[in-house]
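Heads up, the thing below is written out as structure tokens.
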Amino acid sequence: MEKLSNSDLQVLVDTLIDKLNKDNFKPNIIVAASESVDHLASKLSQYFSVGYTHIKGGHRANSNNILLQYAYSILRKIKKGFFRNIDSGDNHLLRISRKLVMEIYKRTDPCYVDENNSSSNKIFKKYGLESSILIVDDNVFTGKTLECVTRFLVGKGFNKEKMRKATITAPYQYKPDYYASEKELSFPWNPVGI
């Protein structure tokens, strides 16, 4: 898995912006699918000169990086304890960790959202229910987090037809409306080795 530098990330953000411009989609509000992608939402909001917020919540298995790190550490302990003589390597453990996270995603249901996020409520009131919304995340596994945010916004009264989803990378089957890469990438904010 390729570890991105900040300059690599900026190139991918620029690619995402180019795709949005090519499609003539100009959001009124940028919504980060979690706090961990505030930096991406901030960059996009600066470019489009619009407000942004994040949704606290998402899929029950929301923090895939934390889950992946946890699965990876468990498998490393198992390897040390039981498989000392088997050379499975860290890449093999990382692949197994990802599969484990994918299985968790498949078996957990949906959404939870902290509706007491006052900054989100202020942004939503300021721009109104007919706003064009861009929902952003760094990467996408199954699309459940993006769908949770979409359902939450529709429940608030926003028009689903005026929403688009964007991620930096979409290496799996689910593809959002916009993405910059199909590669599996490790972001600068990810824990080492993930």
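Structural remarks
- When the range 139-173 is filtered for residues that are hydroxyl-bearing (Ser, Thr, Tyr) and either open to solvent by less than 20 Å² (accessible area, probe 1.4 Å) or under 12 Å from the mean Cα position of the chain (by Cα) (or both), the ones remaining, listed by number, are Thr142, Thr145, Thr150, Thr167, Thr169.
- Note on the range 1-98: enclosed helices (runs of 4 or more DSSP H) holding 2 or more residues that are at pLDDT 90 or above are 6-22, 38-48.
- Test: residue in the range 161-178 that is assigned to a helix (DSSP H, G or I) and at pLDDT 85 or above: yes
The values are calculated or read from the model by the stated rules, or taken from the named source; none is laboratory data. Everything quoted here is computed from the prediction, not taken from an experiment. Just the protein is used for accessible areas: all its heavy atoms, side chains included, with ligands, DNA and RNA removed. Shrake-Rupley method; radii C 1.70, N 1.55, O 1.52, S 1.80 Å.
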